[in-house]
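The values are calculated or read from the model by the stated rules, or taken from the named source; none is laboratory data. The structure displayed is predicted, hence computed values, not measured ones. Cβ sites come from the backbone with ideal geometry, for glycine too, and all protein chains shown count toward neighbours. Just so you know, the surface numbers come from the protein's heavy atoms only, side chains and all, with ligands and any DNA or RNA stripped out. Shrake-Rupley method; radii C 1.70, N 1.55, O 1.52, S 1.80 Å.
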Amino acid sequence: MIENNSDLLTGEFFDPVMVKYSKKSHFKWVISHVLAHKGMIALFFLFATISAAIAAISPVILGKLITEILDSFGIWDRITFFAFIILILTIISGIASFASGLIIEVTSQRVERDIRDEYYASMLSKSMTFHDEVKAGDVMARATFDTRMVNFFVNPVIHLAYAAVFGVLFTIGTMFLITPYWNGLPVLIIIPVIIAFPIFFFARRFYKSVGPISMQIQASYSSLSAYLQEKLLGISVIKTFAREPFERVSFREKNDKLSEEIITRGKLRSKYYPVLFVGMGVGLSILWGSLLINWGIGNPVTSVLWNQEILLAGGGSVSGFGIGELITYSLLAGNLFFPIWVMSWMLVLVQMGFAGADRIVDILTKEAIIPAPEQPIMLESLNGNIEFRDIAFAYEGETKVLKNVSFSVPSGSRVAIVGPAGCGKTTLMKLLTRLYDVESGSVEIDGINVKQLSFDTIRQNIGVIEQDIVLFSATIKENISYGKPDATDDEIFQAARMAQAEEFIEKFDQGYDTIVGERGTTLSGGQKQRVAIARMLLANPKILVFDDASSAVDSETEDKINTAINRVLKDRTSFVITHRLSTIRHSDIIVVLKQGEVKAIGSHDQLLKESVDYWRVFARFSEIRKMMPEQMKTELYEGE
């Protein structure tokens with residue numbers, strides 16, 4: 001776990017919120033979020049203290065009122081006075097309780113908001129290595145369920161815990177004022193003190209036992225969330241293979257597992273014995289108080305003289321401790337019951353809050369960040385001269401995907417990257433855009449190592465169109481202008497026109513204001529490709545990367561996409577990953593990759609004469625195969 005927040009200052013994206021809160025432990029992280037709202041917390045403490053104090057004082061006033069009523073010499077003015085005091089205290093207590101509850105609820109919601117802000121900023125800063133390793137459903141569960149559990153730690157846990165602690169302190173303090181004494185000992189306090197020991201023992205044991213199951217529940221919730229998201233994204237595959245019954249059973253198993261874990265935690269709560277001890281303690285305290293009245297043991301605080309025996313008519317009081325004080329004591333003893341009763345619930349929420357915080361902090365502190373240069377070079381534009389110098393790369397825990405790759409690309413060149421599946425074509429382009437960092441060697445743009453360039457310089461000057469196009473659930477206009485939010489309508493329309501997208505966009509009833517579905521599901525593959533090209537055109541990058549951009553479309557759509565691409569490529573350095581001969585043969589430079597190594601570099605005509613690996617790319621075309629030299633045919637068949 002990262003202990004120094006300064007470690008988080010390097011990354012693809014930075015926001016001050018990422019270093020605002022302590023991450024030395026999940027507890028300090030939660031507290032730092034809470035203390036970010038010191039003013040609100042101070043107000044909460046003020047009103048909660050008032051409410052707790054009144055809860056301890058009110059039984060004393062009520063006891064005085066009952067004493068006056070039972071006293072045959074009671075004065076009606078005093079009775080009215082005590083009744084009025086009780087009314088005033090009730091009103092003040094109600095206002096204080098309302099204010100403290102509202103303040104802590106607002107604070108908890110703001111803490112949850114701040115956690116989501118920090119979490120999302122951290123997700124944006126993470127490298128592709130991180131996003132490749134984690135499940136999206138798990139990330140979502142931590143952003144929703146776990147943050148909600150931290151919210152519960154603030155409210156009601158902090159609310160109830162503060163009210164309980166100070167309520168108990170004020171209550172016990174008040175008990176000392178009214179309890180009878182015998183040989184200097186506060187005899188009625190003895191029973192609550194004795195009861196406190198088993199309560200503390202069982203509460204501590206309960207807290208320890210509920211911790212692991214709480215962590216397990218949240219891990220199971222994340223697993224279920226990730227599973228559900230994955231299956232919903234692949235619902236078409238499930239239906240294609242008629243796997244609904246299997247998936248139903250599989251989901252039910254995971255759902256039952258989560259349910260059983262929650263029930264197990266419920267069983268632990270049902271064994272929460274402190275509630276039983278408190279009930280016994282209250283009953284014993286009342287019985288003990290009644291016996292003390294009968295025995296005549298006095299209270300030096302409330303009696304006139306230590307040894308003076310005063311017997312009021314009707315048996316109302318003995319030595320300063322009478323029926324009124326006993327009722328006061330009974331109510332105060334009852335006040336002790338509520339904090340202990342809610343303690344089991346609070347301990348569960350505390351454990352769930354800490355479990356959620358631990359899971360969130362674990363994600364926040366994962367060191368899967370592409371480091372930013374200490375003194376980044378920021379350029380408005382690049383010429384587009386690119387050089388790969390003896391680079392090597394492997395995904396974490398895997399064999400090398402690229403080995404000893406070296407070649408140069410002059411500005412304005414059109415480069416085709418070809419080779420069998422899994423040879424490292426896409427990975428090579430991700431090193432160019434610095435979504436990943438090379439293990440050895442270097443990637444240079446205009447003679448500058450990409451590790452020295454600022455991320456903004458790289459990302460603003462390199463545009464990428466991938467085979468799996470991602471569009472957001474927004475209007476077509478908003479998707480096209482995503483890379484340039486301040487673009488005018490004319491600029492958006494011009495980009496769509498150049499990308500051959502204007503024709504189909506204008507056929508929609510809402511035109512450019514048409515909402516596309518999640519990931520652009522309401523558009524066809526070719527339409528998504530052309531919207532993506534328009535989006536890239538509007539951003540106007542100097543270097544372009546097309547990763548099999550027309551592999552999944554029909555011939556007519558491919559022609560339109562190629563027309564759009566040819567317009568885009570003018571005066572720009574471009575890389576095209578494709579197996580389509582019509583695209584490859586017109587490239588200035590063709591790089592042939594095999595098993596992560598460069599096997600050949602040259603033009604189409606040159607490679608046809610020199611590279612059997614290049615011939616393998618087109619071996620499936622019979623008309624091309626006829627043109628192959630006999631020597632290469634022999635090498636081709638031997639390689640196969």
Exercise. Right, Pro420: more than 38 Å from the chain's Cα centre (by Cα) and surrounded by fewer than 19 Cβ atoms within 10 Å (Cβ to Cβ) or not?
Worked result: yes
Exercise. So which residues in the range 134-154 are within 15 Å of Tyr227 (Cα to Cα), surrounded by fewer than 17 Cβ atoms within 10 Å (Cβ to Cβ) and of a type outside the set (A, V, I, L, M, F, W, C), if there are any at all?
Worked result: Lys135
Seminar exercise, completed: For the range 246-270, the count of residues that are open to solvent by 90 Å² or more (accessible area, probe 1.4 Å) and either at positive phi or modelled with pLDDT of 80 or more (or both) equals 6
Seminar exercise, completed: Checked against (1) of a type in the set (Val, Ile, Thr); (2) assigned to a loop (DSSP other than H, G, I, E, B); (3) more than 22 Å from Thr563 (Cβ to Cβ), Ile469 satisfies every condition except (3)
Exercise. Of the conditions (1) open to solvent by less than 30 Å² (accessible area, probe 1.4 Å); (2) in contact with an Asp or Glu (Cβ under 6 Å, 6 or more places away or on another chain), Arg78 fails just one. Which one is it?
Worked result: (1)
Exercise. Is one or more of the residues making up the range 208-224 open to solvent by 60 Å² or more (accessible area, probe 1.4 Å), closer than 22 Å to Met346 by Cα, in a helix (DSSP H, G or I) and hydroxyl-bearing (Ser, Thr, Tyr)?
Worked result: yes
For this session: Of the numbered conditions (1) open to solvent by less than 50 Å² (accessible area, probe 1.4 Å); (2) modelled with pLDDT of 65 or more; (3) in a loop (DSSP other than H, G, I, E, B), His579 fails exactly one; give the number of that condition.
Result: (1)
Problem set entry | Test: Asp446 is touching a Leu at 6+ places or on another chain (Cβ under 9 Å), more than 24 Å from Val568 (Cα to Cα) and acidic (Asp, Glu) | no
For this session: Go through the range 355-371 and give me each residue that's open to solvent by less than 30 Å² (accessible area, probe 1.4 Å) and either at pLDDT 75 or above or assigned to a helix (DSSP H, G or I) (or both).
Result: Ala355, Gly356, Ala357, Arg359, Ile360, Val361, Ile363, Leu364, Thr365, Ile370
For this session: Please tell me if Thr573 is of a type outside the set (D, E, K, R), modelled with pLDDT of 85 or more and on the phi < 0 side of the Ramachandran plot.
Result: yes
For this session: Sort out which residues of the range 389-417 are buried (at least 19 other Cβ atoms within 10 Å of the Cβ), touching a residue at least 60 places away in the same chain (Cβ under 8 Å) and touching a Phe, Trp or Tyr at 6+ places or on another chain (Cβ under 7 Å), and write them in order of number.
Result: Val401, Leu402, Val405, Val415, Ile417
Seminar exercise, completed: Of those in the range 116-157 that are touching a helix residue (DSSP H, G or I) at 6+ places or on another chain (Cβ under 8 Å) and acidic (Asp, Glu), the residue modelled with the lowest pLDDT is Asp138
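A quick yes/no check of all residues on (1) on the phi < 0 side of the Ramachandran plot; (2) part of a helix (DSSP H, G or I); (3) open to solvent by 60 Å² or more (accessible area, probe 1.4 Å):
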| position | (1), (2), (3) |
| --- | --- |
| Val464 | yes, no, yes |
| Ser473 | yes, no, yes |
| Asn479 | yes, yes, no |
| Tyr482 | yes, no, yes |
| Pro485 | yes, no, yes |
| Arg497 | yes, yes, yes |
| Phe504 | yes, yes, no |
| Asp509 | yes, no, yes |
| Ala532 | yes, yes, no |
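With the structure loaded, tell me whether Leu382 is open to solvent by less than 50 Å² (accessible area, probe 1.4 Å), part of a loop (DSSP other than H, G, I, E, B) and in contact with a strand residue (DSSP E or B) (Cβ under 6 Å, 6 or more places away or on another chain) or whether it fails that test.
Yes; evaluated as a whole, the condition is true for this residue.
For (1) part of a helix (DSSP H, G or I); (2) surrounded by fewer than 19 Cβ atoms within 10 Å (Cβ to Cβ), each residue gets a yes or a no:
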residue	(1), (2)
Lys24	no, yes
His33	yes, no
Phe45	yes, yes
Ser51	yes, no
Problem set entry | Which numbered condition Val111 misses (of (1) touching a residue at least 12 places away in the same chain (Cβ under 8 Å); (2) over 30 Å from Met18 (Cβ atoms); (3) of a type outside the set (Asp, Glu)) | (2)
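Listed residues Ile91, Ile79; which is assigned to a helix (DSSP H, G or I) and either closer than 23 Å to Val157 by Cβ or at pLDDT 85 or above (or both)?
Checking each option against the conditions leaves just Ile91.
Determine if the range 447-463 includes at least one residue that is without any contact (Cβ under 8 Å) to a residue 60 or more places away in the chain and under 23 Å from Asn404 (Cβ atoms).
Yes, the conditions are met somewhere in the range 447-463.
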Exercise. Among all residue pairs at least 6 apart or on different chains, which show Cβ distances below 6 Å where the first residue, located in the range 232-244, is surrounded by 11 or more Cβ atoms within 10 Å (Cβ to Cβ) and at pLDDT 80 or above and the second is of a type in the set (Asp, Glu) and outside any loop (DSSP other than H, G, I, E, B)?
Worked result: Ile238/Glu247
Problem set entry | Matching entry among Val139, Val154, Val165, Val111 (being part of a helix (DSSP H, G or I) and in contact with a His (Cβ under 6 Å, 6 or more places away or on another chain)) | Val111
